[in-house]
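Asker: Starting off with a structure, shown below.
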Amino acid sequence: MAHYRASESKREQFRRYLEKAGVLDSLTNVLVALYEETEKPNNALEFIKQHLGTGEPDAADAESLRLELTELQQKHDLLLEENKELKRRLLQYEPPAEDGGAE
């Protein structure tokens, strides 16, 4: 009987630990979201992982994002250069504004 109480006490301590850490609330929220899905996903475990934020992107997605990042960085650099060139050309037609303002 004493052994039963000891294990019950450990369970209760563990439950309080999970509650304090917010684990129970997070799991409850994800399970409620799964329950409320009108079209249940084929892979419930993957749904739970994604909604808990632990779902790792697959290699194809990660590689696609890396390529997109590289392309956008190159485009950004080109646009900066174009901006500098256009400012330089604009200065040929418009002198820089004077600070005094008195004419």
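Where a number appears in this text, it was derived from the coordinates with a stated rule and is not lab data. Being a predicted model, the structure only gives us computed values, none of them experimental. Positions of Cβ are generated from backbone atoms using ideal geometry, with glycine treated the same way; all protein chains shown enter the neighbour counts.
Asker: How much length is gained if the chain between Glu46 and Glu81 is pulled fully straight, taking 0.36 nm per residue apart and subtracting their Cα-Cα distance, in nm to one decimal?
Answerer: Fully extending the segment from Glu46 to Glu81 adds 8.2 nm.
Asker: Next question, about the same structure. Taking the Cα-to-Cβ direction at Gln73 and at Ala59 and moving 7 Å from each Cα, how far apart do the two end points lie in nm?
Answerer: Output for this residue pair reads 2.2 nm.
Asker: Let me ask another. Label Leu31 and Leu90 with points 7 Å out from Cα along Cα→Cβ: what is the distance between them in nm?
Answerer: 6.0
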